[in-house]
Amino acid sequence: MILCYVLTMPGAPTWNGRTSYNESLYAKCRPVGRSDKARARAAEIIAAGSYRYHWSDGWCADVSVSEVSRADARLMTKQSRGFGGYEWMIDSIERDLKILAPHERKAATP
């Protein structure tokens, strides 16, 4: 099983409302472990479909998640421009089932 994460920046506060994140593919594919626990977690991640993160300056990130085949994962990886340095969002989704910035995660941890 492979999960594919696709990043967009909807409603970007730019002069024309567009960014390269919406004009190019920014995707990252990650394999899921074979254990029942890993597959159950993947099912939880997919169930939400997409995750949003809002910055205080008006920017917003949307990360959609879906299961893909190996062939689709190779194609997505080949066409992708990377993940723009936002891999921490994927890590957070996999760990917390939501996007938390590193400073937010530290504040939430007692």
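For this structure, a couple of remarks:
- Qualifying residue in the range 42-55 (condition: in a strand (DSSP E or B), farther than 16 Å from residue 12 by Cβ and of a type in the set (A, V, I, L, M)): no
- Checked against the criteria, residue 11 does not count as in contact with a Leu (Cβ under 7 Å, 6 or more places away or on another chain) and either at pLDDT 95 or above or in a loop (DSSP other than H, G, I, E, B) (or both).
- Long-range neighbours under 7 Å by Cβ, at least six apart or interchain, first residue assigned to a loop (DSSP other than H, G, I, E, B) within the range 21-34, second modelled with pLDDT under 95 and of a type in the set (Gly, Ala, Ser): 26/82; 26/84
- Among the residues of the range 35-75, those identified as modelled with pLDDT of 95 or more, within 30 Å of residue 103 (Cβ to Cβ), surrounded by 17 or more Cβ atoms within 10 Å (Cβ to Cβ) and hydrophobic (A, V, I, L, M, F, W, C) are 42, 45, 63, 65.
- Odd one out for residue 82, checked against (1) surrounded by 13 or more Cβ atoms within 10 Å (Cβ to Cβ); (2) at pLDDT 95 or above: (2)
- Of the residues screened, residue 105 is one that is in contact with a helix residue (DSSP H, G or I) (Cβ under 9 Å, 6 or more places away or on another chain), farther than 18 Å from residue 9 by Cβ and part of a helix (DSSP H, G or I).
- Residue 16 fulfils the conditions (1) of a type outside the set (Val, Ile, Thr); (2) more than 16 Å from the chain's Cα centre (by Cα); (3) at pLDDT below 90; (4) surrounded by 11 or more Cβ atoms within 10 Å (Cβ to Cβ) except for a single criterion, (4).
- Candidate set from the range 66-89 (those that are part of a helix (DSSP H, G or I), closer than 24 Å to residue 41 by Cβ and touching a residue at least 12 places away in the same chain (Cβ under 8 Å)); member that is nearest to the chain's Cα centre (by Cα): 89
The values are calculated or read from the model by the stated rules, or taken from the named source; none is laboratory data. Predicted model only: the values in this text are computed from it and were never measured. Every residue, glycine as well, gets a Cβ built from its backbone with ideal geometry; the counts of neighbours run over all protein chains shown.
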